[in-house]
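Have a look at the structure below, then the notes.
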């Protein structure tokens, strides 16, 4: 047992070095097979950083891991994000979010009534416009407003805040972090995952999915700790960003029901639904038609504009066969969602890791079978599954309280009186 644990220790220099080398290969190869220029520029900055991190991980037993993590953060996150923000290099999603913030500030709705092209479509719910408000307020004048107004910076800040809150929520009642499988506990593992291509690439080039990921994971963490109101508030915020967050309400409710009973599940779901309605209603009431066409019809490939999400996934391939193929993909999508719902009833999740896996499985089914999708969407369920293992601990989410056992001295036997005659 001791030998087995030693081989799986996350402090192993070889393990960290191998991980950074894999990240370097990903950063070098992925930009070569992808079209967007921001992806290629990110690979130019991230690949050398990962190689330096791999060398640093082997250089020192005491500080090598920490040095390697921060080298990766600097080269894969800080430097490319700052350069992209200052030069205006970004995917189209960043411009969409910043325009929606400007429209919300001026007209109280993030949707154009009659978009002239696909670039003017806003496929997000009204809550996403919050991350575009800094650009609307600060403008583009000068390098500092250009940096502070970038929507990616605030998306990254929201993601980091959610991770910090989830880490606080996952701590035991005595203030110490719970033990995770294999001993993967510590900030280095979490920061290292943020510096990995799974998070660093979308953070630098787009960033719009990070707040959703962070809020969903925070809701699961609160539900695992039996905090239904906090879980519902996090879910409400997530559900106001994208409609793809709505299936998480069922997973969180199932987790709350298993951990604390039906009453806590109802409370959490009611807070989530009520809060989402309050956050989405202003934009929905002002622009009901544009919201339906741009948020629901457009991502499903049924709007008047062709969606750029055209990766060769099963649902997309079926939809490309014509109307019959589209309806077949939609039917498979509904069947997959029904199967996940049945699994929640038949075998509800018992902890954070199990709930994150169930939500990740449902999202994978949705992204794979949707009539329009892209490979980048799969980073969201992957991040949920990994973060649950880094922060959530093992199978027992509620550790048994430590009971101090006190030694009880043996009872003293009372002296037997001896008759005076027998002395």
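Structure data summary
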read-out	value
Selection within segment 195-214 - within 24 Å of residue 71 (Cβ to Cβ) and in a loop (DSSP other than H, G, I, E, B)	196, 206, 207
Count - residues of segment 140-167 that are under 29 Å from residue 281 (Cβ atoms), without any contact (Cβ under 8 Å) to a residue 60 or more places away in the chain and not in a helix (DSSP H, G or I)	1
Residue match in segment 335-342 (condition: in a helix (DSSP H, G or I), in contact with a helix residue (DSSP H, G or I) (Cβ under 6 Å, 6 or more places away or on another chain), buried (at least 20 other Cβ atoms within 10 Å of the Cβ) and without any contact (Cβ under 8 Å) to a residue 40 or more places away in the chain)	no
Filter pass, residue 66 being under 22 Å from the mean Cα position of the chain (by Cα), surrounded by fewer than 23 Cβ atoms within 10 Å (Cβ to Cβ) and either under 18 Å from residue 199 (Cβ atoms) or touching a residue at least 60 places away in the same chain (Cβ under 8 Å) (or both)	no
Search result, residues across segment 343-353 that are surrounded by 12 or more Cβ atoms within 10 Å (Cβ to Cβ), in a helix (DSSP H, G or I) and in contact (Cβ under 8 Å) with a residue 24 or more places away in the chain	344, 352, 353
Filter result (more than 28 Å from residue 84 (Cα to Cα), crowded, with 24+ Cβ neighbours inside 10 Å and either more than 13 Å from the chain's Cα centre (by Cα) or touching a residue at least 60 places away in the same chain (Cβ under 8 Å) (or both)) within segment 206-232	220, 221, 222, 223, 224, 228, 231, 232
Selection within segment 74-92 - in a helix (DSSP H, G or I) and crowded, with 21+ Cβ neighbours inside 10 Å	75, 76, 77, 80, 81, 84, 85
Given (1) over 24 Å from the mean Cα position of the chain (by Cα); (2) surrounded by fewer than 19 Cβ atoms within 10 Å (Cβ to Cβ), number of the condition residue 121 does not satisfy	(2)
Check on residue 362, under 13 Å from residue 248 (Cβ atoms) and in a helix (DSSP H, G or I)	yes
The listed residue being touching a helix residue (DSSP H, G or I) at 6+ places or on another chain (Cβ under 6 Å), more than 19 Å from residue 124 (Cα to Cα) and buried (at least 16 other Cβ atoms within 10 Å of the Cβ), out of 291, 255, 235	255
Residue check for residue 368: free of Cβ contacts under 8 Å to residues at least 24 places away in the same chain, over 23 Å from residue 223 (Cβ atoms) and either within 24 Å of the chain's Cα centre (by Cα) or not in a helix (DSSP H, G or I) (or both)	no
Count - residues of segment 301-332 that are surrounded by fewer than 20 Cβ atoms within 10 Å (Cβ to Cβ) and under 16 Å from residue 365 (Cβ atoms)	7
All positions within segment 37-51 that are surrounded by fewer than 18 Cβ atoms within 10 Å (Cβ to Cβ) and free of Cβ contacts under 8 Å to residues at least 40 places away in the same chain	40, 44, 48
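Only the coordinates and a few stated rules stand behind these numbers; no lab work does. Since we're looking at a predicted model, the values are computed, not measured. When we count neighbours, we look across all protein chains shown, and the Cβ atoms used for this are built from the backbone with ideal geometry, even at glycine.
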